[in-house]
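Student: Okay, handing you the structure first.
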Amino acid sequence: LGIGSTTNIGTPSTLTGIDLGTSFVPRQICVGFRHSCAVSTDDVVKCWGWNSEGQLGLGFANVDGQESHNVGLQADQMGDNLPAVDIAWPTASPTALPTEIPTDTPTTASPTTASPTSAAPTTASP
């Protein structure tokens, strides 16, 4: 559950919030079969739960069956101790400058010579 315990807590009235760290404000949360991820308002991603196949994206998996590779079972694994997932987001800046003004001619390799028509489009009869 990401609350630093494996104890069954029972009823919804006894649920506590999940500590994702100082200044982490969740924008989206995604829940898998036994793991969860949250995206912050600053586009930081944090994941916790079962990590049997490395699904948390933290660079390791529970390949040897040790529960210690599952994240969120221990009290010291959440909050500021929960690492952010290293995701390669798209670049914020384009790598090429746009053209300054639109062109009058097409920029395709082999422009067509057909003239535009003002005739209404036709549809086939069923």
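Student: Under 8 Å by Cβ, and 6 or more places apart or on different chains, what pairs join a residue from the stretch 30-52 that is open to solvent by 50 Å² or more (accessible area, probe 1.4 Å) with one that is part of a strand (DSSP E or B) and among the polar types (S, T, N, Q)?
Tutor: Every condition considered, the pairs that remain are CYS30/SER36.
Student: As an exercise: evaluate GLN77 against (1) at pLDDT below 70; (2) touching a strand residue (DSSP E or B) at 6+ places or on another chain (Cβ under 9 Å); (3) of a type outside the set (Phe, Trp, Tyr) and give the number of the one condition it does not meet.
Tutor: Answer for GLN77: the failing condition is (1).
Student: GLY21: modelled with pLDDT under 85 and part of a loop (DSSP other than H, G, I, E, B), yes or no? Outline the logic, then answer.
Tutor: Values: modelled with pLDDT under 85: no; part of a loop (DSSP other than H, G, I, E, B): yes.
Here the answer is no, as GLY21 does not meet what is asked.
The values are calculated or read from the model by the stated rules, or taken from the named source; none is laboratory data. All of these numbers come straight from a predicted model, not from anything done at the bench. Positions of Cβ are backbone-derived with ideal geometry, glycine not excepted, and every protein chain shown enters the neighbour counts. For the accessible areas, the whole protein counts, side chains as well, though only heavy atoms, and no ligand, DNA or RNA atoms are used. Shrake-Rupley method; radii C 1.70, N 1.55, O 1.52, S 1.80 Å.
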